[in-house]
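Asks: Input: one structure, supplied below.
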Amino acid sequence: MHANKQRGAALLLLVTVLALGAATLLMTGFSAQVMEQRRVEQTQLTLAQSRDALMGFALQHGRLPRPAMSAQDGRESAQPCASDADCSGFLPWVALGVEAADSWGHVLRYSVTPAFTQTPIQRNEVLASKTIQTRHTDGSVRYVYGDDLCGRGACSPAVIFSTGKHNFGTSVQGVKQRSGNVENADERSNDQAAQHFIVRQATVNSALPGGAFDDMLVYVPLSTLLTRMVFADKLD
């Protein structure tokens, strides 16, 4: 009888230890998910603040800034950019007075229409050049902002985006993060883009159309920018 009680007590102790271990694992996993969601939300806030800073820069200087000197130098490049490719790089965070990087330490990316970096901006003559698309569940793409021709008022003059936690990205030390062997066509497209960008729901499922994706992007609505610049008397 005494031996049976000892075995029962030992079994109860083992069950208790296993239960505590499982609870600890669950709490750790839950905490990691909460922390990651906070990073996502903070990055979204940083992107929104950066977009507001672009607007403020335009109201002060009558134009949008050129990309940064480099991933490590957030001053605005002194070199004029004649093409969309030349005007795509890193956010000039020093010139804007904002955070340089997202919550994973990757410097925010930035692409701006060249004509909008020059003064004076001729509102009736210049065309914005950035389009933003997303994907249907069947894999087809549709425009969120812009169109094929970027006609009058159709497209955006500038986009800012975070490469997210996984795949691509450049650290504030200038170290590039590789993409690896994952299927992530849409992320690869954004990494090389100068005019046409993709935004969609985050997923680690590389089998979905466009592959794995965790980029986050904001764009400058052309009508909002021009309206504010008109009121600030910064347009010809």
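The values are calculated or read from the model by the stated rules, or taken from the named source; none is laboratory data. Please read all numbers here as calculations on a predicted model, not as lab measurements. Every residue, glycine among them, receives a Cβ derived from its backbone with ideal geometry; neighbour counts consider all protein chains shown. These accessible areas exclude ligands, DNA and RNA; they are computed on the full protein's heavy atoms, side chains included. Shrake-Rupley method; radii C 1.70, N 1.55, O 1.52, S 1.80 Å.
Asks: Looking only at segment 116-130, decide whether some residue is within 19 Å of the chain's Cα centre (by Cα), surrounded by 15 or more Cβ atoms within 10 Å (Cβ to Cβ) and among the hydrophobic types (A, V, I, L, M, F, W, C).
Replies: So the first thing to find is which residues in segment 116-130 are within 19 Å of the chain's Cα centre (by Cα), and the list is 129-130.
Remaining after also requiring surrounded by 15 or more Cβ atoms within 10 Å (Cβ to Cβ): 129-130.
The next check asks that each one be among the hydrophobic types (A, V, I, L, M, F, W, C); those that pass are none.
The answer is no, given that none of the residues of segment 116-130 is within 19 Å of the chain's Cα centre (by Cα), surrounded by 15 or more Cβ atoms within 10 Å (Cβ to Cβ) and among the hydrophobic types (A, V, I, L, M, F, W, C).
Asks: Output the residues belonging to segment 146-188 that are open to solvent by 40 Å² or more (accessible area, probe 1.4 Å) and not charged (D, E, K, R).
Replies: Selection gives LEU149, GLY153, HIS166, VAL172, GLN173, VAL175, GLN177, GLY180, ASN181, VAL182, ALA185.
Asks: Is it the case that some residue within segment 171-183 is in a loop (DSSP other than H, G, I, E, B), among the aliphatic types (A, V, I, L, M) and within 27 Å of GLY56 (Cβ to Cβ)?
Replies: Within segment 171-183, the subset in a loop (DSSP other than H, G, I, E, B) is 172-175, 177-183.
Adding the requirement that they be among the aliphatic types (A, V, I, L, M) leaves 172, 175, 182.
Next, from what is left, pick out any that are within 27 Å of GLY56 (Cβ to Cβ): 172.
Looking through segment 171-183, at least one residue is in a loop (DSSP other than H, G, I, E, B), among the aliphatic types (A, V, I, L, M) and within 27 Å of GLY56 (Cβ to Cβ).
Asks: Which of (1) of a type outside the set (D, E, K, R); (2) touching a Ser or Thr at 6+ places or on another chain (Cβ under 6 Å); (3) closer than 17 Å to MET216 by Cα; (4) buried (at least 22 other Cβ atoms within 10 Å of the Cβ) is the odd one out, the single condition TYR110 does not satisfy?
Replies: The single condition TYR110 does not satisfy is (2).
Asks: In addition: What's the number of the condition ALA68 fails, among (1) of a type in the set (Gly, Ala, Ser); (2) without any contact (Cβ under 8 Å) to a residue 60 or more places away in the chain; (3) open to solvent by 30 Å² or more (accessible area, probe 1.4 Å)?
Replies: (3)
Asks: Since ASP84 meets every condition but one in (1) at pLDDT 95 or above; (2) open to solvent by less than 60 Å² (accessible area, probe 1.4 Å); (3) more than 26 Å from THR227 (Cβ to Cβ), which condition does it not meet?
Replies: Failed condition: (3).
Asks: Still on this structure: Does at least one position in segment 134-148 carry a residue that is at pLDDT below 90 and aliphatic (A, V, I, L, M)?
Replies: Among the residues of segment 134-148, not one is at pLDDT below 90 and aliphatic (A, V, I, L, M), which makes the answer no.
Asks: Hey, another quick one. Within segment 139-153, can one find any residue that is hydroxyl-bearing (Ser, Thr, Tyr) and under 25 Å from GLY105 (Cα atoms)? I'd like the intermediate steps shown before the answer.
Replies: First, pick out the residues of segment 139-153 that are hydroxyl-bearing (Ser, Thr, Tyr): 140, 143, 145.
Going one step further and asking which of them are under 25 Å from GLY105 (Cα atoms), we end up with none.
No, because not a single residue in segment 139-153 is hydroxyl-bearing (Ser, Thr, Tyr) and under 25 Å from GLY105 (Cα atoms).
Asks: Now for a different question. Search segment 78-91 for residues that are closer than 24 Å to SER162 by Cα and pair each with any residue that is of a type in the set (A, V, I, L, M, F, W, C) and outside any loop (DSSP other than H, G, I, E, B) when their beta-carbon atoms are under 6 Å apart and the residues are at least 6 apart or on different chains.
Replies: CYS87/VAL112; PHE90/ALA68; PHE90/VAL107; LEU91/ILE160
Asks: ASP148 fails exactly one of the following numbered conditions: (1) part of a loop (DSSP other than H, G, I, E, B); (2) acidic (Asp, Glu); (3) under 23 Å from CYS81 (Cβ atoms). What is the number of that condition?
Replies: So ASP148 meets the others, but not (3).
Asks: Can you tell me how many residues in segment 98-132 are more than 16 Å from ALA68 (Cα to Cα) and assigned to a loop (DSSP other than H, G, I, E, B)?
Replies: Residues in segment 98-132 being more than 16 Å from ALA68 (Cα to Cα) and assigned to a loop (DSSP other than H, G, I, E, B): 14 in total.
Asks: Within segment 180-214, work out how many residues are of a type outside the set (D, E, K, R) and over 24 Å from ASP86 (Cβ atoms).
Replies: Number satisfying all stated conditions: 18.
Asks: Also, I was wondering about something else. Could you please let me know if ASP138 is among the charged types (D, E, K, R), open to solvent by 40 Å² or more (accessible area, probe 1.4 Å) and in contact (Cβ under 8 Å) with a residue 40 or more places away in the chain?
Replies: Spelling it out, ASP138 is indeed among the charged types (D, E, K, R), open to solvent by 40 Å² or more (accessible area, probe 1.4 Å) and in contact (Cβ under 8 Å) with a residue 40 or more places away in the chain.
Asks: Another question, then. Quick one: in segment 215-231, of everything that is assigned to a loop (DSSP other than H, G, I, E, B) and surrounded by 19 or more Cβ atoms within 10 Å (Cβ to Cβ), which residue is nearest to the chain's Cα centre (by Cα)?
Replies: Of everything passing the filter in segment 215-231, ASP215 is nearest to the chain's Cα centre (by Cα).
Asks: While we're here: So SER156 fits all but one of (1) modelled with pLDDT under 95; (2) touching a strand residue (DSSP E or B) at 6+ places or on another chain (Cβ under 6 Å); what number is the exception?
Replies: (1)
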